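The values are calculated or read from the model by the stated rules, or taken from the named source; none is laboratory data. Note that the structure is a prediction, hence the values are computed from the model and not measured. Note that we place each Cβ from the backbone using ideal geometry, even for glycine, and neighbour counts take in every protein chain shown. Side chains are part of the model used for accessible areas, which takes the heavy atoms of the whole protein and leaves out ligands, DNA and RNA. Shrake-Rupley method; radii C 1.70, N 1.55, O 1.52, S 1.80 Å.
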Amino acid sequence: MPHFQIEYSANLENLVDMGALCEAIRAEAVRIDAFPMPGIRVRAIRVDHYAIADGDPKHGFLDLSIRLREGRADDVKKDAVGRIFEAARAVLADVMGTHSIALSVEMRDIDAALSPKYGTIRDHLEGDA
């Protein structure tokens with residue numbers, strides 16, 4: 001864990017390089033101690049049906065949801081969400097300068113007792129992870 005899920009309006013499909021955004025978020029997350037590297041998952045999901053503000057189809061949105069296992073101190077989470085938000089803003093800066101886009105980020109804790117996990121990624125990583 002953590003999981004980074006990006007939902008974005010379909011009108012951003014040709015404006016934003018979602019692969020580059022996912023990689024920028026992953027790269028910043030790896031530098032944050034609160035996010036164990038083997039558990040990082042970043043994905044982007046296009047939303048085809050949406051309505052924003054005054055209904056003008058020129059408006060777009062990008063919402064990033066961060067879910068991570070409970071137990072981190074609030075100051076650690078605040079620092080982490082701020083760093084991820086700034087990484088996303090940096091990737092989106094040019095397009096947001098010329099297009100109407102709402103960017104939001106939210107972090108939520110996952111109750112470990114209600115979220116069983118199993119995986120073999122750590123078994124297949126090169127070097128120490």
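If only one of Arg26, Arg46, Arg72, Arg108 is assigned to a strand (DSSP E or B), within 13 Å of Pro2 (Cα to Cα) and under 19 Å from the mean Cα position of the chain (by Cα), which one is it?
Values: Arg26 fails: assigned to a strand (DSSP E or B); Arg46 fails: within 13 Å of Pro2 (Cα to Cα); Arg72 fails: assigned to a strand (DSSP E or B).
Matching residue, one of Arg26, Arg46, Arg72, Arg108: Arg108.
Ile52 - would you say it is closer than 27 Å to Leu125 by Cα, of a type outside the set (Gly, Ala, Ser) and either at pLDDT 95 or above or not in a helix (DSSP H, G or I) (or both)?
Answer is no for this residue.
Residues in the stretch 95-112 that are open to solvent by 90 Å² or more (accessible area, probe 1.4 Å) and more than 23 Å from Gly19 (Cβ to Cβ): how many?
Within the stretch 95-112, residues that are open to solvent by 90 Å² or more (accessible area, probe 1.4 Å) and more than 23 Å from Gly19 (Cβ to Cβ) number 1.
Condition test on Ile45, is it surrounded by fewer than 16 Cβ atoms within 10 Å (Cβ to Cβ), touching a strand residue (DSSP E or B) at 6+ places or on another chain (Cβ under 8 Å) and touching a residue at least 40 places away in the same chain (Cβ under 8 Å)?
Numbers: surrounded by fewer than 16 Cβ atoms within 10 Å (Cβ to Cβ): yes; touching a strand residue (DSSP E or B) at 6+ places or on another chain (Cβ under 8 Å): yes; touching a residue at least 40 places away in the same chain (Cβ under 8 Å): yes.
Yes, satisfied.
Of all residues in the stretch 20-41, which are of a type in the set (Val, Ile, Thr) and open to solvent by 40 Å² or more (accessible area, probe 1.4 Å)?
If we filter the stretch 20-41 for residues that are of a type in the set (Val, Ile, Thr), which is where we start, we get 25, 30, 32, 40.
If the condition is that a residue be of a type in the set (Val, Ile, Thr) and open to solvent by 40 Å² or more (accessible area, probe 1.4 Å), then Val30 is the only one that fits.
Looking at Pro57, Pro116, can you tell me which residue is surrounded by fewer than 18 Cβ atoms within 10 Å (Cβ to Cβ) and free of Cβ contacts under 8 Å to residues at least 12 places away in the same chain? Explain how you work it out, then say what you get.
On the way: Pro57 fails: free of Cβ contacts under 8 Å to residues at least 12 places away in the same chain.
Going through Pro57, Pro116 in turn, the sole match is Pro116.
What are the residues in the stretch 1-23 that are in a helix (DSSP H, G or I) and among the small types (Gly, Ala, Ser), if any?
Passing the criteria: Ala10, Gly19, Ala20.
Would you confirm whether or not the stretch 75-89 contains a residue that is outside any strand (DSSP E or B) and at positive phi?
The initial filter retains those residues of the stretch 75-89 that are outside any strand (DSSP E or B), namely 75-89.
Add one more test, that the residue is at positive phi, and what stays is none.
The answer is no; no qualifying residue exists.
Of the residues Leu125, Leu92, which is at pLDDT below 95 and surrounded by 10 or more Cβ atoms within 10 Å (Cβ to Cβ)?
Numbers: Leu92 fails: at pLDDT below 95.
Going through Leu125, Leu92 in turn, the sole match is Leu125.
Those residues that are in contact with a strand residue (DSSP E or B) (Cβ under 9 Å, 6 or more places away or on another chain), over 9 Å from Met107 (Cβ atoms) and open to solvent by 80 Å² or more (accessible area, probe 1.4 Å), I need them from the stretch 60-80; list them, please.
Within the stretch 60-80, Glu70 is the sole residue that qualifies.
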